[in-house]
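None of the figures in this text is laboratory data; all of them are computed from the coordinates on show. All values derive from a computational prediction rather than experimental measurement. Quick reminder, even Gly has a Cβ in these numbers, built from the backbone with ideal geometry, and neighbours come from all protein chains shown.
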Amino acid sequence: MSPLTHKLLRDLWRMKGQALAIAMVIATGVMLLVMMTGLVNSLEETRTTYYERYRLADVFAPVARAPNLALADLAEIPGVSAVEGRVNGATLIDIEGRSVPVQAQAVSLPDFGSPALNDIYLNDGRMLDSDRSDEILLLESFARAHGLDPGDTLEATMNGARREFRIVGLAQSPEFIFTTAPGELVPDDARFGVIWMSYSALAAAYDMDGAFNEALLGLGRGADEEAVLAEVDRQLAPYGALGAYGLEDQLSNLFITQEIESLAATNQSVPPIFLAVAAFLLNIVIGRMVEAEREEIGLMKAFGYTDWEVGAHYFRMVLAIAAGGALLGCLFGVASGRAMVGVYTQFYKFPFLIFDLDATSFVIGVAVSIAAASAGGVLVLRRVFALTPSEAMRPPAPADYSRSGRFGRSIARLLDQPTRMVLRRITRQPLRMAGAVVGIALGMALSASTITIYAGFTRTIDLTFSVVDRSDVTVSFTHAVSDKTILELQRRPGVIRVEPVRDVPVVMRNGLEEHRGAITGMVQEASLSRALDAGGAAIPIRSDGLVVSQTLADILDLAPGDSVTVDVREGRQPILDLPVVALAESLLGAPAYMDMAALNRVLKEPGRVSGAYLLIDDGQSEEIYTWLKGLPAVAGVSLKSEARDAFVRLLNSGAGWSRFIIGALAYIITFGIVYNAARIAYAERARDLASLRVIGFSKGEAAYVLLGELAAVVIVALPLGTLLGYYVAVLMASAFSTEVYQVPAIFDLATYGSAALVVIAAAVTSGLLVKRDLDRADLVEALKTRE
Amino acid sequence: MSEPAYIVKGLTKVYGEGHSAVHALRGVDLEIPRGEIVVLLGPSGSGKSTLLNILGGLDRSTGGTASFGRTDLGALSDRELTRYRRDHIGFVFQFYNLMPSLTARENVELVTEIARDPMSPEEALDLVGLSERVDHFPAQLSGGEQQRVAIARAVAKQPDVLFCDEPTGALDSKTGRAVLRVLQRLNERLGTTVLIVTHAAATAGMADRVLNFADGAIREVTENTEKLDASEIVW
Ligand SMILES: Nc1ncnc2c1ncn2[C@@H]1O[C@H](COP(=O)(O)OP(=O)(O)OP(=O)(O)O)[C@@H](O)[C@H]1O
Ligand SMILES: [Mg+2]
């Protein structure tokens, strides 16, 4: 082995603490990149495969009642590769011990064989026996949420008739990855069920023999979806077509797509920030490490080693640390990515998992690390190479302090010797100190922004459930009913207040942009459910047009003064043009608001309501639930406490869950940066500090000289970190926001106080660790050689 | 007398600028014949190390010329200067300058690796009486032992010119004599030109030529007609 290789190995071993600290920081940056990229890739791949394997339809066409014969014509439409007709029915399930019935959808499966489209995956039990009309399969997540198993019985109301069914199996379907109760935004496994029954049994229950009320279509490659939708609507129009829609508007798919998109957006903005911070640190620290080797560099040059040979030697050192760290990061990234995909597979109820890594994330991670580290090394090497060997070999310290020695004799006299040493070093090497300050500030920015994101999530929940919706119970009706129902609710003892609402399912269009959603008709001065903007102020409801949420405005590219085409999807299905009169920031969903009476007027359906918000007396809640359940007009009853739980669950388990991982990594990086700053300062000064000890300074005074510098750097870094944290937080907040919920970037003292505490705690810990080494240092060793 | 190894004319060296400028060399004129042993004497701070550094290609002069054979050192590019050091020069530094993370043997290897016709590191360490300590790190060696490693490192490459800045400063007279003996043998056997800076005036006895330095200039050049053998030197 050549002596330079020996030197390399021994130097690495000597600096192992420092090298490891640096490697860990870059590893963390790379790990996040590899993990998130792998996660997003895997989820996308898994979803796609799930859809393909279980033949999820591309087009869904609900219709009032169409004869099965009509299917043959649908199959003839150009671009259509498969057709399936099925019966769908709204059902209420009674769950023992629950006074509120649970809404469910009953879906037919062919009597024989598996469906051409929207196949199911059987988790447990067996398939249906079409001879037995009381057999059902239950959506697995729903069954789990209620502790139901194959063999259990279930009471359900179908088409007004109450019947008892036997659960023979539990199933999953790509169509129902997320289930959301009608009229609600947030999916909840427990509050919406899916029942599969044989076609003959379900058709009998809903008077659909020989007919279907939903057609499913599979499209071939390159099919023109728009044209197919139009043709399907045309063909089914005589049978009461409700408007065909594509997979992209299917609720469950919409949701999972948004979740993955949100993760992808997070992946696009967050890991690069982390990696950049880690790379910056790597650059600085490697630079300082090479700087510390200045005399050795001079010596090698004195012997006649060329710049290339010396450079190659240090490049190997840099490579060992940077590439080592990056590879470690890749390994961690793969391992944690795999673990996270496992977790997300459960969140999203995929029956299988396809772990798919993205090679480019490895390449980027490793390349960025090596480039950052090499750049740090090269900069210093070039500077040292510019010196003559005799200059380089001379320790730089004594000559240069002369300048800073001038800072006011009178001030100097006021300070004690150690303080003067700290100040000299800081003023003499402003660039080096600036590097350390920026590094620590970036670390703080990462921590501050993740804490901000946490606060943003909490704010979203609070605002939605404590401020926006102050009701106890939300009742939704089977269809838009007369407002007499409201009176009926009001008369009920125990009901303190009732507030009607009119939700109208619509497809809104502006030019080519389209959004499937609802217009919410609200009463003026609503108090139970209010439209609030992100700042918490009430959004004024207008009767002259729509107040559109910023989210929706972004989707449809709307501005006040524009008019939007509203394709109403209920009742007579009119197509209206409504003006946009104002925009409002909203945190949840992409709502559009209008005065209820005005909305009813344009719909030409005066006095109609689709639901109501209730404030009730806690003591009578059980009786009221039972009573509500019995009302014929009531389709669903949702309790705010349950909705809130579902929302919290969503924020903490879906795409939002990754914030905890990111937060943890932010703390690790912050600590790594601060520790590195302390470590490198110690390495650079070991010999000076030993000299101080030898001439009679105490351990405490020596530590003060070293840690005073760290403290000064940290103090300067805190305000800078606050500022940087603001920008990082804004970036991260927009990445975490989805169409379903917005995460605001919240800036308050508590957030920055916590972030500052993270940095200070890291500084104190690092200081103690370094001081321990300082106390243990062998003075003679330290003086004889250099650390 | 053969062609001179070095011809130095009006060589000056100024460190720093303006008020704090230090004139380390104030016009040195000098000829060093090939194959001679030259001893530089002079008070501390008189510019001896500075001159050695410039002749050895470790530093550049501020004015005047210094040529090695026909090569003007001042005209060489950094690259050529590196080549020059690598191929022709051996150095014993005043402060040893060993690599702390390399053993004695490896410190010598660092130079023999890139030399054209080196002796083996073991042989070189044996010459300075350190064959027992080859695997020790600098931190495990005494100051004198470190200095001998530095000398072994310089002679091992069998350079054309050997610069020694106080090679015996940290040594007792017996070891010092042994070291000087090594330098003398190198000079006799290979015709190596040797420049020795020393505070031990007695060393002058083994020199062909003695340069007396003061205040950045040569005050006096003495040519010895009778050279002593290193073993006869006493201080
Ligand atoms: N890098 C430098 N910057 C400023 N002045 C320097 C520098 N190096 C040397 N000097 C000054 O140049 C003068 C000559 O220094 P040099 O090292 O050549 O002396 P020397 O004769 O070798 O002394 P010694 O016997 O103490 O080693 C001294 O006054 C010294 O202070
Ligand atoms: Mg000297």
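A few notes on this one:
- Nearest-ten-degree value, helix A:699-736 long axis tilted from longest Cα axis of chain A: 30 degrees
- Inverse mean reciprocal Cα-Cα distance (Kirkwood Rh) of the range A:2-111, Å: 21.1 Å
- Once the Cα gyration tensor of the range B:178-235 is diagonalised, semi-axes √(5λ) in Å: 20, 13, 11
- Taking a ≥ b ≥ c as the square roots of the eigenvalues of the alpha-carbon gyration tensor, the range A:214-264 is classed prolate because a/c is 1.5 or more and a/b outweighs b/c.
- Plainly put, the range A:59-254 has a radius of gyration that is 0.96 times its Kirkwood radius, both from alpha-carbon atoms, as the Rg/Rh ratio.
- Virtual paramagnetic centre 7 Å along Cα→Cβ of A:Gln490, amide N under 14 Å, in the range A:615-650: A:615
- Helix content alone sets the calculated 222 nm mean residue ellipticity of chain B: runs of n ≥ 4 DSSP H residues at -39500 (n - 2.57) each, divided across all residues, give -8500 deg cm²/dmol.
- Size of charge dipole - the protein assembly as shown - debye, nearest 20, with Cβ of Lys, Arg +1 and Asp, Glu -1, no other charges: 4740 debye
- Counting Cβ atoms of other protein chains within 10 Å of each residue's Cβ and taking the mean over peptide B:96-107 gives 6.
- Divided by 2.2 N^0.38 Å, where N counts the residues, the Cα radius of gyration of the range A:495-616 comes to 1.01.
- Counting only DSSP H runs of at least 4 residues, each contributing -39500 (n - 2.57), and dividing by the residue count of chain A, the helix-based mean residue ellipticity at 222 nm comes to -18000 deg cm²/dmol.
- Dividing the C-alpha radius of gyration of the range B:17-169 by 2.2 N^0.38 Å, with N its residue count, gives 1.11.
- Take every DSSP beta bridge whose two residues both sit in the range A:115-257; close to 70 percent of them are antiparallel.
- Annotation: amide H-H contacts under 5 Å for A:Glu585 (H modelled 1.01 Å from N, sequence separation of 5 or more, or interchain): A:Ala534, A:Gln550.
- Peptide B:77-86 - average C-beta neighbours from other chains (10 Å radius): 4
- Karplus-derived 3J(HN,Hα) values for the range A:450-458, using 6.51 cos²θ - 1.76 cosθ + 1.60 with θ = phi - 60°, are 5, 5, 4, 5, 4, 4, x, 4, 4 Hz; glycine and proline are entered as x.
- Residue mean of other protein chain beta carbons inside 10 Å, B:41-53: 1
- Contour excess over end-to-end distance, with Cα ends at B:Asn224 and B:Arg185 and 0.36 nm allotted per residue: 12.2 nm
- Using the Cβ-Cβ distance between A:Asp152 and A:Glu623 with R0 set to 25 Å, the FRET efficiency works out to roughly 0.35.
- Across the alpha-carbon atoms of the range B:86-140, the computed radius of gyration and Dmax are 11.1, 31 angstrom.
- Unsatisfied cross-links (Cα-Cα over 31 Å) in the set A:Lys301/A:Lys699; A:Lys16/A:Lys699; A:Lys699/B:Lys174; A:Lys349/A:Lys484: A:Lys301/A:Lys699; A:Lys699/B:Lys174; A:Lys349/A:Lys484
- Charge-dipole axis of chain A as Lys and Arg at +1 and Asp and Glu at -1 on Cβ define it, positive-most pick from A:Val100, A:Gly607, A:Gln258: A:Gln258
- Percentage relative contact order, chain B, counting C-alpha pairs under 8 Å, at least six apart: 26 percent
- Within straight-line reach of B:Lys48, meaning a Cα separation under 12 Å, sit the following aspartates and glutamates at least 8 residues removed in sequence or on another chain: B:Asp165, B:Glu166, B:Asp215.
- Pair-distance distribution P(r) for the range A:193-240, from all Cα-Cα distances in 10 Å bins starting at 0: 20, 38, 31, 11 percent.
- Angle of helix A:621-630 to the longest C-alpha principal axis of chain A, folded into 0 to 90 degrees and rounded to 10: 50°.
- Distance histogram in 5 Å bins (all Cα pairs of the range B:105-221, percent per bin): 2, 11, 22, 23, 19, 12, 7, 3, 1
- For the range A:617-770, average projected area of the Cα convex hull in nm²: 14.6 nm²
- Prolate/oblate/rounded call for the range A:550-660, Cα gyration tensor, a/c under 1.5 rounded: oblate
- The range A:495-616: relative contact order as a whole-number percent, Cα under 8 Å and 6+ apart: 38 percent
- Rg(Cα)/(2.2 N^0.38 Å) for chain A, N = residue count: 1.21
- Multiplying the residue separation of A:Asp773 and A:Gln268 by 0.36 nm and removing their Cα-Cα distance gives an extension gain of 177.8 nm.
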